[in-house]
Amino acid sequence: LTERKRAEQTAIEQFKLAETFFSSNVSGLVILDRNFDFVRVNEAYARACRKEIGEFEGRNHFDMYPSDTQAIFEDVVRSKRPFTTFTRAFEFPDQPERGTTYWDWTLAPILDAKGEVGYLIFSLNEVTERKRAEEHQRTAALYARSLIEASLDPLVTISPAGKITDVNKATEEMTGTSRDRLVGTDFADYFTEPDKARAGYQEVLARGYVRDYPLTIRHNSGH
């Protein structure tokens, strides 16, 4: 009886631990049966879908959210192997105002006593804001690059160590050297007075402000 009591107590503690993990997890968590009917969802998932937990009871996942991922779910059931994807696009059919959303998610099978898939654990996190931030950053970088290339003046970005990290077309023409050969080299080598160029650059780094340094760019032809 003592051993049975201990086993029961261990089972109760494990159940409480699992229940706490499921209910309070900040990631959306869903339990589906092998036919993709909802068994349980946690609060985070319901909130991500802008619904109440009770709205999922007895309904099929793909009846509510039809998508081309059904083939992936079916493959997990067939192969018994988990599947993970990142930044996958999805549009809520009942919430078109949300536009395209993006999600990281994992689908993991739970096997029954016969070794067959009985249930699926579907966990997901919305990464729409991260995706949009990346797109904005990429757009800003392209815009900045277009402005740099449009300049008729030579423009160069330099690392703290004095190595060239980028140049525009005007710099290539002024030095007679291609961008591929300029990047990674010492910027001062392209001036007729390299020591003066290095000293000026170090002064700018040390003082934190910009001043003019009269220097002459050296063309690779020697002129």
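The values are calculated or read from the model by the stated rules, or taken from the named source; none is laboratory data. From a predicted model like this one, the values you see are computed outputs, not experimental measurements. Counting neighbours? That spans all protein chains shown, and the Cβs are built from the backbone with ideal geometry, glycine included. Quick note on the areas: whole protein, heavy atoms, side chains included, nothing else; ligands and nucleic acids left out. Shrake-Rupley method; radii C 1.70, N 1.55, O 1.52, S 1.80 Å.
For residue 59, the residues 5 or more places off, or on other chains, whose built amide H falls under 5 Å of its own are 38. Over the C-alpha atoms of the range 115-161, the Rg to Rh ratio, Rh being the Kirkwood estimate, stands at 1.44. With R₀ set to 30 Å, the beta-carbon distance separating residue 19 from residue 100 gives a calculated FRET efficiency near 0.30.
Which value, in debye to the nearest 20, gives the size of the charge dipole of the range 43-93 about its Cα centre, when Lys and Arg are +1 and Asp and Glu are -1 at the Cβ? Provide the component values of the computation, followed by the final result.
Numbers: 8 positive and 9 negative charges, 48 e Å.
The calculation lands at about 220 debye.
Taking each residue as 0.36 nm, the span from residue 2 to residue 113 lengthens on full extension beyond its C-alpha to C-alpha distance by 37.2 nm. A Förster radius of 30 Å combined with the Cβ-Cβ distance from residue 198 to residue 128 puts the calculated FRET efficiency at roughly 0.05. Give the relative contact order (percent, whole number) for the range 137-223; include only Cα pairs under 8 Å separated by 6+ residues. Relative contact order of the range 137-223: 23 percent.
Relative contact order of the range 33-112: 23 percent, from C-alpha pairs under 8 Å at least 6 residues apart in sequence. Against the chain, whose longest principal axis is taken from its Cα atoms, helix 2-24 shows a tilt of about 50°. When we measure straight from the Cα of residue 16, which lysines land under 17 angstrom away, once same-chain ones fewer than 8 places off are left out? In chain and number order, the partners are 5. Between 193, 116, 126, the Gaussian network model of the chain with springs among Cα atoms under 10 angstrom shows the greatest mean-square fluctuation at 193. Roughly what angle does helix 128-150 make with the longest principal axis of the chain, taking Cα atoms, 0 to 90 degrees, to the nearest 10? So the inclination is approximately 10 degrees.
Determine the order of 174, 64 by accessible area, beginning with the largest, at a probe radius of 1.4 Å.
Values: 174 95, 64 20 Å².
Per-residue accessible area, sorted high to low, gives 174, 64.
Here are a few candidate values for P(r) over Cα pairs in 5 Å bins from 0, in percent: (i) 1, 6, 9, 12, 11, 8, 6, 5, 5, 6, 7, 7, 7, 5, 3, 2, 1, 0, 0, 0; (ii) 1, 7, 14, 17, 16, 13, 10, 8, 6, 4, 2, 1, 0, 0; (iii) 1, 8, 15, 20, 22, 18, 11, 5, 1, 0, 0. Which one was actually calculated from the structure I just gave you? Structure-derived value, by its label: (i). For the chain, the longest principal axis of the C-alpha atoms and the axis of helix 70-79 are separated by about 70°.
Here the contact order of the range 53-196, divided by its residue count and restricted to Cα pairs under 8 Å and six or more residues apart, works out to 12 percent.
Can you work out the FRET efficiency for the pair residue 143 and residue 179, with r the C-beta to C-beta distance and R0 = 22 Å, to the nearest 0.05? It would help to have the intermediate numbers written out before the result.
Details: r = 19 Å, r/R0 = 0.87.
It comes out at approximately 0.70.
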